Amino acid sequence: MADEKEPRAVIPKGEPYIKTDVISPTFMMQYDACTRCGECDKWCPVLDAKDGDRKFSPMDKISRFRSFMGQSYGLKAKLFGPKRLDEDDIQDFADAFFHCSTCGVCASVCPAGINTVDMYEATRQQLVMRDNGPYGKTIMFPKLIGEYRNPYLKDQKQRLDWIPDDVEIAEEADVAYFAGCTAGFNQQVLGVCTARVLNHLNVPFIYLGEEETCCSSAIIRTGQPHKGDVPYINAKHNVEALEARGVKKVMFACAGCYRVATIDWPKQLGRKPNFEVVHVADLLADLIQQGKIEWKKSFDNKIITYHDPCHLGRHCGVYETPRVVLDNLPGLKFVEMDRIKELQRCCGAGGGVKAGISDLALDIASERIRDAQAINADILSSCCPFCRRNIGDGRDNVYDQIGATDYDLRDNPENKMQVEDMIVLVAELMGLSTKIKSQEEEDKAAGVEAESPKHLIDL
């Protein structure tokens with residue numbers, strides 16, 4: 001919630017309590033367009049996780065904010081002046097408003113066509129500007145990313161640490177790989193697997209390395225883009241650095257970074273970058289359909305399902321290519337969960353929820369695991385490091401509650417469902433190592449003879 005170390009400024013008499021500096025007239029009309037049909041409430045993962053508490057209802061949030069706007073800018077406000085609003089009421093609304101992963105399923109089902117994601121992000125920013133947000137420790141994002149150029153307090157030189165000796169990065173190429181902070185620092189297996197797959201497929205690529213800065217998605221999603229203009233500064237830096245290298249395509253394996261490059265960079269810069277934004281699933285699906293990928297290993301008749309990342313699916317419309325890839329992995333039967341594509345259930349990590357309201361993120365992820373359990377999935381895959389982490393936490397939470405769930409854990413209670421990113425599965429089935437360091441590096445450090453690495457399919 002908002003930092004209350006300093007008292008808020010007194011609102012001058014006659015001025016609205018909530019201004020609309022960043023809430024466009026279009027968003028104001030969309031707030032007014034809500035018909036209170038309640039369709040959004042039927043699909044909202046937050047409302048579901050909160051057991052139907054109306055405080056967290058998308059429909060009621062819109063109604064509350066529309067009421068604030070009416071009291072500040074309506075006909076009576078024009079004639080007699082804006083009505084005094086209770087600050088505690090505004091703060092209570094703001095706290096509930098930040099209990100949202102901005103997944104966008106409400107927009108998918110809205111009969112009025114309200115663009116809730118952009119509308120909510122603008123409203124969040126307006127609340128932050130009047131010190132009613134953000135929620136929890138997400139308030140640190142602008143400072144951390146502004147100072148360190150990543151949210152993990154890492155030195156920029158450490159962006160090179162994940163690169164093993166066996167990965168070849170070109171000096172010049174038509175393709176750039178944008179690893180992102182999470183694959184570069186915290187889930188390095190994703191960066192390693194992406195790079196090895198690209199090498200194996202003879203796709204030369206460059207990597208900005210120390211020059212790469214955070215995409216700043218977390219700042220934008222939590223309503224803080226105005227703080228130090230960090231998203232704009234990083235967008236300008238990344239785009240100009242990539243354009244200076246003369247690349248034609250920029251490859252992403254992170255759904256959040258892909259969303260920023262596709263939607264947010266053009267907004268921030270007022271122009272499209274001079275390169276094509278590509279998700280690695282698009283490349284892999286194309287090569288599979290051309291028969292250009294040779295698989296070296298196979299799973300043993302396991303069931304796999306796919307979770308659509310909100311940033312890749314609902315926000316950017318990439319639904320089919322990840323399914324093409326997973327449906328062609330040998331030894332796996334691809335089965336869909338009940339809620340998919342536009343109607344998919346969010347993993348719960350987005351919109352600052354994982355960082356700011358971790359218990360809510362865990363509850364939502366646990367429900368997604370139960371969706372996968374309902375189809376007896378052995379593997380739940382996605383294309384997003386945040387989905388991978390949060391759904392993995394949900395998996396551990398659900399399976400640690402043996403006896404507290406209605407779902408059968410199949411033959412072996414210890415046989416937890418595997419939660420893994422698509423690119424890791426692809427690397428394994430191509431016969432590539434998924435170790436962060438090369439086998440030669442590990443053997444040299446340990447002073448032992450090389451052994452064949454164990455893969456997930458062998459466990």
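No lab work stands behind these numbers, since they all come straight from the coordinates. Just so you know, these numbers come straight off a predicted model, no measurement behind them. When we count neighbours, we look across all protein chains shown, and the Cβ atoms used for this are built from the backbone with ideal geometry, even at glycine.
What is the Cα centroid distance between the stretch 319-395 and the stretch 116-137, reported in whole angstrom? Cα centres, the stretch 319-395 to the stretch 116-137: 26 Å. Name the residue farthest towards the positive end of the dipole of the chain from the options A365, C40, Q188, assuming +1 on Cβ of Lys and Arg, -1 on Cβ of Asp and Glu, about the Cα centre. So the residue furthest toward the plus end is C40. Taking 8 Å as the Cα distance limit and 6 or more residues as the minimum spacing, I'd like the relative contact order of the stretch 25-133 as a percentage. Computed value for the stretch 25-133: 31 percent relative contact order.
Using only side-chain charges placed at the Cβ, +1 for Lys and Arg and -1 for Asp and Glu, the dipole size of the chain relative to its Cα centre rounds to 1780 debye.
Pairwise alpha-carbon distances in the stretch 237-293 exceed 20 Å for 30% of all pairs. Sorted from longest to shortest, the spans of the Cα atoms of the stretch 294-441 along the three principal axes equal 40, 39, 35 Å. Each listed q (0.19 Å⁻¹) maps to a log10 I(q)/I(0) for the stretch 138-286, found by the Debye formula over equal Cα scatterers with no solvent: -1.17. Evaluated at q = 0.08, 0.13 Å⁻¹, a Debye calculation over the C-alpha positions of the chain (equal weights, vacuum) places log10 I(q)/I(0) at -0.49, -1.23. Taking every alpha-carbon pair in the stretch 25-133 and binning the separations at 5 Å intervals from zero gives 2, 12, 22, 25, 21, 11, 5, 2, 0 percent.
From the cross-link list K61/K83; K143/K249; K236/K267; K42/K267; K42/K341, which pairs have alpha carbons spaced over 21 Å apart?
Details: K61/K83 19 Å; K143/K249 31 Å; K236/K267 11 Å; K42/K267 31 Å; K42/K341 16 Å.
Long pairs (Cα-Cα over 21 Å): K143/K249; K42/K267.
Dipole of the chain computed with +1 at Lys/Arg Cβ and -1 at Asp/Glu Cβ about the Cα centre; of H99, A374, L287, farthest Cα towards the positive end is H99.
Bridging of K297 to lysines at a Cα separation below 24 Å is possible for K333, K416, K435, K437, K454, once same-chain residues fewer than 8 apart are set aside.
Computed from backbone phi, the HN-Hα couplings of the stretch 289-306 come to 5, 8, x, 9, 10, 10, 8, 9, 10, 8, 7, 9, 6, 9, 9, 10, 10, 10 Hz, rounded to whole numbers (Karplus: 6.51 cos²θ - 1.76 cosθ + 1.60, θ = phi - 60°; Gly and Pro given as x).
Only the Cβ atoms of Lys and Arg (+1) and of Asp and Glu (-1) were treated as charged; on that basis the dipole of the stretch 138-286 about its Cα centre amounts to roughly 720 debye. Across the stretch 90-200, the convex hull enclosing all Cα atoms gives 172 Å³ per residue.
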